[in-house]
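Student: I have a structure here, written as structure tokens, and I will follow up with some questions on it.
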Amino acid sequence: MYIPYGTQSISEEDIQAVVNVLRSDYLTTGPSVGEFEKKVADYIGAKHAVAISNGTAALHAACFAAGVGKGDEVITTPITFAASSNCAFYCGATPVFADIEADTYNISPEDIERKITANTKAIIPVHYTGQPCDMDKIMDIAKRHNLIVIQDAAHALGADYKGKKIGSFGDMTTFSFHPVKHITTGEGGMIMTNDDELYKKLMLFRSHGITRDPELLLNNEGGWYYEQQELGYNYRITDMQCALGISQMNRLDEFVKRRRELVARYNKAFENVKNVTIPFTKEGCNSSWHLYVVQVNNRKEVYDKLHEAGIGVNVHYIPVYKHPYYQQNGYDKVCCPNAEELYKHILSLPLYPKLTDEQQDYVIEKVIEFAK
Ligand SMILES: Cc1ncc(COP(=O)(O)O)c(C=O)c1O
């Protein structure tokens, strides 16, 4: 038996949805793309949604739309996947790391404020594990310093902050539909925004910077005519992926409910175990639980022993600036003490809708046995 830390849940309806597209006229951009965008936008309560090839492309597109460019600085957290900061590099800008809060593990608004310079253009808060960041404070800082906020919500589809769905407020919010996430399209991502101008830029960027929209064309030479107005990419998502996404969206509430049930079971099992620190949830921050992260003192030992026992725990994340690429590009003197301390102790335990109570009980038993 092998229990991974995360995996997709694919139903017969999901499979049929993809097969139906394969039998249709469109494989890439077709009717499923817009339908998927509308479905997610309606669920979230956002005005616009742009479906895109993956969550990294979503961040790149958002940085482009925000006007992030050479000489700019973009503040994000080190406790994230590298894509959250790489997107600044893609635009010729410099990522700057603000430390995390010791209790929520999310980016610290106070440290964001300390890291702001005349060159700061944007903030990319990451709703780590699915728990929303302190968005009131972050939006207030952004307003005072005239910065754009791009929420990296790769972990937080279905989460809400003070009663508002993540993705329904702020400048732009990005999602990932990688198989371990709340819903999957294989590879896939989306950007949500309520701003018409940002939406236009995102749409251009997804497809080479090209438009055929008569209202956007600078000239119009006839029915065949299109224009490349920006330097965009081919970041399109296929109709097959979006059909899967539509079908998966029908199951999102059920997925989030099961994740919350499993988290409640983990919390109950570990709350009185001295050697296991369970996650802290801040009031008003209703997590949708992409990851369940505990802290233990003997992390390497627990990691190795759990793997030997067939439990595929993982570590999210190595502080991004510790990677060789960053170290070799001027980040060797960066230090975020809370992030570095957290990294020594964390383990992501298995969490996905298909995980059974029996499998979870086995994980709990082994974690308690190995944690010192
Ligand atoms: C926080 C975060 N941001 C961005 C991404 C990138 O998403 P994708 O893998 O869809 O490119 C991920 C994916 O793992 C992530 O966890």
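Student: For the stretch 1-108, which fully contained helices (runs of 4 or more DSSP H) count at least 2 residues that are surrounded by fewer than 20 Cβ atoms within 10 Å (Cβ to Cβ) and within 16 Å of the ligand (Cβ to nearest atom)? Step through it out loud before you land on a result.
Tutor: Numbers: elements: 12-22, 31-44, 55-65, 83-90.
Where helices (runs of 4 or more DSSP H) fall fully within the stretch 1-108 and carry at least 2 residues being surrounded by fewer than 20 Cβ atoms within 10 Å (Cβ to Cβ) and within 16 Å of the ligand (Cβ to nearest atom), they are 83-90.
Student: Can you pull out every residue in the stretch 255-292 that is aliphatic (A, V, I, L, M), in contact with a strand residue (DSSP E or B) (Cβ under 8 Å, 6 or more places away or on another chain) and surrounded by fewer than 15 Cβ atoms within 10 Å (Cβ to Cβ)? Steps first, answer last, please.
Tutor: Of all residues in the stretch 255-292, those aliphatic (A, V, I, L, M) come to 256, 262-264, 269, 273, 276, 278, 291.
The next check asks that each one be in contact with a strand residue (DSSP E or B) (Cβ under 8 Å, 6 or more places away or on another chain); those that pass are 262-263, 276, 278, 291.
Result: no residue meets the conditions.
Student: Buried (at least 17 other Cβ atoms within 10 Å of the Cβ) and either more than 24 Å from the chain's Cα centre (by Cα) or outside any helix (DSSP H, G or I) (or both): which single residue out of 326, 352 fits that description?
Tutor: Answer to the check: 352.
Student: Please determine, by comparing only the residues of the stretch 329-349 that are of a type outside the set (A, V, I, L, M) and part of a loop (DSSP other than H, G, I, E, B), which one is surrounded by the most Cβ atoms within 10 Å (Cβ to Cβ).
Tutor: From the stretch 329-349, those of a type outside the set (A, V, I, L, M) are 329-333, 335-338, 340-341, 343-345, 348; that's our starting set.
Imposing the further condition that a residue be part of a loop (DSSP other than H, G, I, E, B) reduces the set to 332-333, 335-336, 344-345.
Details: 332: 11, 333: 7, 335: 14, 336: 23, 344: 11, 345: 16.
Here the answer is 336.
Here's the yes/no breakdown for (1) away from the ligand (no atom under 12 Å from the Cβ); (2) in contact with a Ser or Thr (Cβ under 7 Å, 6 or more places away or on another chain):
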residue	(1), (2)
140	yes, no
180	no, yes
192	yes, yes
196	yes, no
201	yes, no
206	yes, no
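Student: Name the pairs: first residue in the stretch 147-163 and in contact (Cβ under 8 Å) with a residue 24 or more places away in the chain and among the basic types (Lys, Arg), second residue more than 10 Å from the ligand (Cβ to nearest atom) and part of a strand (DSSP E or B), Cβ to Cβ under 6 Å, at least 6 apart or on different chains?
Tutor: Correct list of pairs: empty, since none qualify.
Student: If you scan the stretch 160-178, which residues turn out to be away from the ligand (no atom under 13 Å from the Cβ) and of a type in the set (A, V, I, L, M, F, W, C)?
Tutor: 169, 172
Throughout, read-outs are computed from the coordinates displayed, never taken from laboratory work. Being a predicted model, the structure only gives us computed values, none of them experimental. Cβ atoms come from the backbone with ideal geometry, glycine included; neighbour counts cover every protein chain shown.
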